[in-house]
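The values are calculated or read from the model by the stated rules, or taken from the named source; none is laboratory data. Source: prediction; values computed, not measured. Heads up, the Cβs are rebuilt from the backbone with ideal geometry, glycines too, and the neighbour counts pull from every protein chain shown.
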Amino acid sequence: MAEQTHTFQTEVRQLLDIVIHAFYSDREVFVRELVSNASDALEKLRLKQLTGAAVANPELEPAITLTTDEEAKTLTITDTGIGMTEEEVVEYLGTIAHSGTKKFLEMAKEKQGGTQDLIGQFGVGFYSVFMAAEKVEVTTRSWQPEAKAITWASNGQDSYTISDAAEDTPRGTSILIRLKEDAAEFARKAHLRYIVGKYSNFVSFPITVDGERQNTVQAIWMKNKKDVTKEEYTEFYKFVGHTDQEPLTWMHFSADAPIVLNSVLFVPTENPEGMGFGRCEPQVSLYCHKVLIDSKPENLLPEWLRFLVGVVDSDDLPLNISREMLQDNSLLRKISGIITKRFIKHLEELAKKNPEEYEKFWTAFGRYIKEGIVTTWENKPELAKLLRFESTFTEAGKLTCFADYISRMKENQKDIYVLHGASRAQLENSPYLDALKLRGFEVIFLTENGDRFVMDSLMKVEDKDIKSIDRADLELPDAPEETSEPGLSEEESKGLVDWVTEQFKDRFSKVTTGSRVTSAPAIALQGAGDMPQEMKAYFKAMGQDVPESHPEIAFNPRNPIVRRLAELRSTDAELATLLANQLINTALLRAGMLDDPAKLAENTQELLGKLLCK
């Protein structure tokens, strides 16, 4: 057949101009598109062979070969796949009829430039090659034994030619790309190896670049997890995580409905943010049919899972022409929801089957679980099951969980009790525990910044309210009869309360005596409407005004110092005021509510001076 010249249809010329100039943020993706097409051609041939059909050159092994010539500024991409007949060449490369060109352009016009969200249905990725090519020659021979070889050539502007190729052309397709002057880097072996490694490293078929095998790591996420060894998981993690360490744990997950998903996600041994490297970037890449779509896709997983490393591959992604953008963000949200729920379940199973390994995870990454509870509405009950903490019923350093806490609750206990502080040692000596110890109730110790936000966000677990025991509005069942020495009478208690209230007018929401404290003279309780201390600190750090607090002061009527205070108010009002102020400031200090500790020091000096000079 003599060479024939054909003019591109008007719609095709318009489409070529759009593809070349509008859709790709980085023109290196044309390599990815052509390698992906080559992989598809090999897969189609494999399916043909499975049917027993006779194919041309059956001895050819499946392969994708990339060859560069830096001096000639050329790049050749060859596959031994299904190839094309002359009719298919005209259809696929000449008119692009199968791509719905006219319909696409009509929709693009309606969108007035916002076309990036509607191109997934138009398979014209091949034409991205003209971003880098001044001319392209495609030589192809169909799998059909009697088909002749054809060469298609074009500069991607007005026309293309079709001619017969050599009779000994092997089955498959070879694309010779004559590069533009400003695209000469694509003829450099090192640069090409980088691009192939970045986008196509997990393609199923062998890829060679100038004779060197490129894709040596298998896409293990597409395998049955029963067929993958621990060593293979470890090596894969080291490859995708760019590390020489082993993973702490991993999840290999596949689903067919409602979305086709294949994924393998790893938890590192160490938390990079905990090592002072700042906020870590997501390291879970998005693939489609083992071809990289985005190495750092936004919203693929919630922010609190940013510590994960791995791959998510979905056959159901509606991609735009450049594969750089998802048409349907709702689908991405569905994928995120499925993966997130499955990973939470993986952690639940790890905690049950291997508590020691889960404790390692919690020590390194527990803060992210807490972040997930505070920052998202989804999965709070499930995330609450993953929380770990110490309590009054555990030994120092031993962790427990809400499920175990609830199993130990007393018959007359309806709430979950927590106490916030700097350390277990500090909390163990807290007077807030007095009322709970008296009733035999367990109290959870929360010692990390932000723990109060976590509990306030949860509010309840398994229909049981979470109550902080430093609040004035804490309701407790009646305590058992006490055997300690008698305290102030009802009349003496009322007299003391009225006197303190008058002496410190408008400073406290309420002054009481009772059983909330037995080990100290007094405690300061957070007022029902007061802002928690952690929230105050946050507001201050943000430069915002902090509302004034009005805590409640509860005196211990059996404490000898309090009994002496009740006497002094009538016999030595000045000394009583100094003593009351000392007890109150000490209680506020222990509660973290004393804004100016210097006041306590000043009052101490005055009190000592008064006592020593008597």
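Residues are listed down the side, and each one gets a yes or a no for (1) closer than 19 Å to A422 by Cβ; (2) among the hydrophobic types (A, V, I, L, M, F, W, C):
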{"residue": "A541", "(1), (2)": "yes, yes"}
{"residue": "I553", "(1), (2)": "no, yes"}
{"residue": "R563", "(1), (2)": "no, no"}
{"residue": "L568", "(1), (2)": "no, yes"}
{"residue": "A598", "(1), (2)": "no, yes"}
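Only one entry of K494, K467 meets the criterion of being at pLDDT 90 or above and in a strand (DSSP E or B), and that entry is K467. Considering only segment 164-179, state which residues are in contact with a Lys or Arg (Cβ under 9 Å, 6 or more places away or on another chain) and without any contact (Cβ under 8 Å) to a residue 60 or more places away in the chain. Of everything in segment 164-179, those that are in contact with a Lys or Arg (Cβ under 9 Å, 6 or more places away or on another chain) and without any contact (Cβ under 8 Å) to a residue 60 or more places away in the chain turn out to be A165, E167, T169.
Residue count for segment 57-95, restricted to those that are closer than 27 Å to A183 by Cα, assigned to a helix (DSSP H, G or I) and of a type in the set (A, V, I, L, M, F, W, C): 2. Across segment 254-303, the qualifying residues are those that are assigned to a strand (DSSP E or B) and farther than 18 Å from L331 by Cα, and the one among them that is modelled with the lowest pLDDT is V291. For segment 579-614, residues that are crowded, with 19+ Cβ neighbours inside 10 Å and in a helix (DSSP H, G or I) total 12. Of the residues P258, P247, P268, P206, the single one that is more than 16 Å from L286 (Cα to Cα) and in the same structural domain as L34 (by TED's automatic domain parsing) is P206. For segment 421-443, filtered to residues that are in a loop (DSSP other than H, G, I, E, B) and of a type in the set (A, V, I, L, M, F, W, C), the residue that is nearest to Q526 (Cα to Cα) is A422. With respect to the conditions (1) assigned to a helix (DSSP H, G or I); (2) surrounded by 12 or more Cβ atoms within 10 Å (Cβ to Cβ), A554 falls short on a single one, namely (1). When S549, S519 are screened for being surrounded by 16 or more Cβ atoms within 10 Å (Cβ to Cβ) and assigned to a loop (DSSP other than H, G, I, E, B), only S549 passes.
Among the residues of segment 444-464, those identified as of a type in the set (A, V, I, L, M, F, W, C) and not in a strand (DSSP E or B) are F453, V454, M455, L458, M459.
Scoring R388 on the criteria (1) free of Cβ contacts under 8 Å to residues at least 12 places away in the same chain; (2) touching a Cys at 6+ places or on another chain (Cβ under 7 Å) leaves a single failure, condition (1). Within segment 115-135, one or more residues are at pLDDT 80 or above, not hydrophobic (A, V, I, L, M, F, W, C) and not in a helix (DSSP H, G or I).
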